[in-house]
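Notes for the one structure printed next.
Computed from the coordinates by the stated procedures, all read-outs in this text should not be read as laboratory data. This one's a predicted model, so the numbers in the text were calculated from it and none came from an experiment.
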Amino acid sequence: MAEAVIFLGPPGAGKGTQAKRLALELGFRQLSTGDILRSHVARGTELGQQAKPLMEAGKLVPDEIILGLIGQELAEMPDPKVIFDGFPRTLAQAEALDRLLAERKIRLLGVLLVTAPEEELVRRLLGRALEEGRSDDNESTIRARMVEYRQKTQPLVDYYKKTGYLKEINGLGKVDEVYQAIQKALGVGVS
Ligand code: AMP
């Protein structure tokens, strides 16, 4: 059966790490719009050239571009089993995703909201800048990404709360502890 999980939360909450692990355990495909965009930027595609300055400024990429990417990915999957990582990030994206899920008869297993205090998020992102050298992990871009999150993505918390799919996960603990909380929230794996 076609199924999906959504990871929601601010930059630095650990969504990518947790999404990757959950995807491995469930045999789902992790769809990270950030990773797809970074691959376009690295290859210098037209889309990558459009997205690059926005990503470096900590701004969201336009919904049409993101929805085009997601539509393309899903179209290639006959029986989607997907973990959305970093998507949706705006109300328009969430509404479009609802329509896609309904059309493709994909069952939503849960929306995992992974959060941590902002100072901890900034600290982690600055640490990641040293480890991975991501060009959007510098202090001014990080602050801009936090503002985008608060203004455009945070409203999705209420949106999904109303649907009953939202599961809040404390992202402050160790990677293993956070993962166990995710397993528990979704009712998967051994507890
Ligand atoms: P991430 O790796 O998820 O932190 O994404 C890195 C950057 O890619 C973000 O700061 C945005 O510029 C862009 N991006 C990724 N996903 C989305 C999305 N769903 N909507 C708009 N922009 C996105």
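For the chain, modelled as a GNM whose springs connect Cα atoms under 10 angstrom apart, the maximal fluctuation among PRO80, PRO53, PRO11 occurs at PRO53. Full extension of the segment from ASN138 to LEU186, taken as 0.36 nm per residue of separation minus the current Cα-Cα distance, would add 13.9 nm. Considering Cα pairs under 8 angstrom that are at least six residues apart, work out the relative contact order of the range 1-139 and quote it in whole percent. So the answer I get is 44 percent. In the elastic network of the chain, a GNM with C-alpha springs shorter than 10 Å, the most mobile of THR153, THR163, THR17 is THR163. Available extension along the chain between GLU25 and ARG43 is 3.5 nm, counting 0.36 nm per residue and deducting the alpha carbon span. Per residue, the convex hull spanned by the Cα atoms of the chain measures out at 116 cubic angstrom.
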